[in-house]
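Below is one structure, written out as structure tokens; the observations come after it.
The values are calculated or read from the model by the stated rules, or taken from the named source; none is laboratory data. Not measured: the values here are computed from a predicted model. A quick note on method: Cβ atoms are made from the backbone with ideal geometry, for glycine too, and the neighbour counts reach across all protein chains shown. Ligands, DNA and RNA are excluded from the accessible area calculation, which covers all protein heavy atoms including side chains. Shrake-Rupley method; radii C 1.70, N 1.55, O 1.52, S 1.80 Å.
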Amino acid sequence: MVVRFAQLAWPVWRAHGIGWVVGSHWAPADGVFGALPFVYGTVVTSIVALVLGTPVALGTALFVSEIAPARIRRPIANLIDLLAAVPSVVYGLWGSIVLLPLLRPVEQFLADSLGKVIPIFAGPIGNGSGFFAAGFVLAIMIVPTISAVTREVFVTVPRDVREAAYALGATRWEAIRYGVLPPARAGIVGAVILGLGRALGETVAVLMLIGNIPSISKSLFASGYSMASVIANEFEQSQEHLHVEALVAIGLVLFVVTVLMNVAARLLVGKAGARP
């Protein structure tokens, strides 16, 4: 796969060099291909998804494994796991019809209250499509992945550790903080990286919510594009060979990014697991 992709993408590298990866202008009709807006959109939406989804996923996993009564643990866990079975196009459709109208007032409030101080919250607010909306839906989509993995990690922590913490006078939160979270650090890091991998490769939901404009903006509320979305949106419509080869090259870049994230995850998990 990698060899074939590299062969197909070689004309783009030969014609534009490394400049096409860092170029910010995308105009296939004029033979101009700049992939930076798509890389930027993929990274921004994934970061938004991690910032919003990771605390919810970890909190849910802790509640199910440590706090919730035994009779409701399994129903709650099953309900969260069912989120992973929902097709991404359904998430995108729900986001377009239900979520965007709900997010517009939130975005306007953030722009009015924080936009002048923090540039990422600056307006103007359009129809709601943009990095923030796409990242919000991605956050919902990665919650079951992170939650399921961390929940299993928390369960593997020996019960004796919790009982020893309680015997020393620790509260429930102190027992979780000092007895459960440190041994589970490696698993938490791995779960977050798995969620990031899901966010990086998501296509349809992002395509329906990000706005599909190849631009780079400091505002989270601006429209953008992602690597997976531009491939899905333009591949069937591409007429010129160089256009097709540019899309293949973007796919190759996305593949390399995901491989690097996997390598980084293994390194982080190894370092986290080696800590005393």
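A compact table of results
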| quantity | calculated |
| --- | --- |
| Solvent accessible area, Å² - Y166, 1.4 Å probe, full protein context | 100 |
| Accessible-area value, S129, 1.4 Å probe, nucleic acids and ligands omitted, Å² | 20 |
| Three-way shape call for the range 128-276 based on the alpha-carbon gyration tensor, with the a/c threshold at 1.5 | prolate |
| Gyration tensor over alpha-carbon atoms, the range 1-142, equivalent ellipsoid semi-axes in Å | 36, 24, 14 |
| Separation of the A29 and I216 label points, Cα + 7 Å toward Cβ, nm | 2.4 |
| Accessible solvent surface per residue of the range 1-154, calculated while the other protein chains remain in place, 1.4 angstrom probe, Å² | 50 |
| Accessible surface ranking that places the most exposed of I97, I76, I193 first, with a 1.4 angstrom probe | I97, I76, I193 |
| Cβ-placed point charges (K, R +1; D, E -1), dipole of the chain about Cα centre in debye, nearest 20 | 940 |
| q = 0.15 Å⁻¹: log10 I(q)/I(0) that the Debye formula gives for the chain, counting C-alpha atoms only | -1.13 |
| Counting all C-alpha pairs of the range 73-144, share separated by more than 15 Å (%) | 60 |
| The range 53-105: radius of gyration over Cα atoms, expressed as a fraction of 2.2 N^0.38 Å | 1.43 |
| Fraction of accessible area attributable to carbon and sulfur, the range 153-233 (%, probe 1.4 Å) | 62 |
| C-alpha long axis of helix 36-62 to longest principal axis of the chain, angle in ° | 10 |
| Inverse mean reciprocal Cα-Cα distance (Kirkwood Rh) of the range 103-153, Å | 12.5 |
| Spherically averaged projected area in nm², based on the convex hull that wraps the Cα atoms of the range 136-215 | 6.5 |
| Projected label distance in nm at V90 and N233, using a 7 Å step from Cα toward the beta-carbon | 2.5 |
| Longest segment of the chain lacking trypsin sites (Lys or Arg not before Pro) that sit in a DSSP loop with at most 13 other Cβ atoms within 10 Å | 1-115 |
| Accessible area in square angstrom per residue, the range 168-276, 1.4 angstrom probe | 51 |
| For G211, residues with placed amide H under 5 Å, excluding near neighbours | G130, G224 |
